[in-house]
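What follows draws every value from the coordinates through simple rules; no lab data is involved. The model shown is predicted, which means the values in this text are computed figures rather than measured ones.
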Amino acid sequence: MDYSNIDYDSTFDIIGTPENYINKYENLKIQKKNKAALLCLNNALKAFPTNFEIAAKLFDFLFELKKYNELIKFSNFILVNNQNKIRIKQCYGIIACCYFFLNDFKNALDYFEKSEGYNCISTEMPMTYYQAICYEKYGKYNEALNLLTKLYNFYNNTIMEVEKNNSNPDNIIIRHNITNKEMQLLTDTINRIRMLSNQNIIYEI
């Protein structure tokens, strides 16, 4: 990243604490000073390399900015000295999503399988959905349908359960992090892959 001519007070680093860094990052982000906000998180991580909250902020911000190549490098950096199995799976999942959005489906699928379905970053759909699309790209329709059907059953059953208790559809979206539009995308994808694999079963919301 090019950090030249960035509006950032480097003297802050001398007295910085994790909380101060995070607060400064949030303020810079609100002001849409993205380069300065990234620099703040990078400096924070140098000062506090084991602070997961700072690392998580950097993961999410790089993903939000669609800096996928930088996020892959950062995730690999975290992997080098990490023995925590959950953190390792998180990094694999993040790398997988990055490769997916870079249209590198081969590497994406490899890392999705390493992550074992761990969903660890904010995306429009669960990571499992993107893994299924990778399977579809390679003609592995049964593998894709297996993942998508599990997602469909989980969300469909959950939505029905909530509807019995509350008729407000907004609560469904808030509680289960999937909108009607995303549910429609899921069902359309299942039906498309079933047609490709000559399985004529139609799914509906």
Reachable lysines, given that their alpha-carbon falls under 27 Å from the alpha-carbon of LYS85 and they are not under 8 places away in the same chain: LYS46, LYS57, LYS66, LYS67, LYS73, LYS106, LYS114, LYS150
Segment PHE52-ASN107, extension gain: residue separation times 0.36 nm, minus the distance between their alpha carbons: 17.2 nm
Under Karplus coefficients 6.51, -1.76 and 1.60, residue-wise ³J(HN,Hα) of the range 86-103 in Hz, glycine/proline x: 5, 4, 4, 5, 4, 4, 4, x, 5, 4, 4, 4, 4, 4, 4, 6, 8, 6
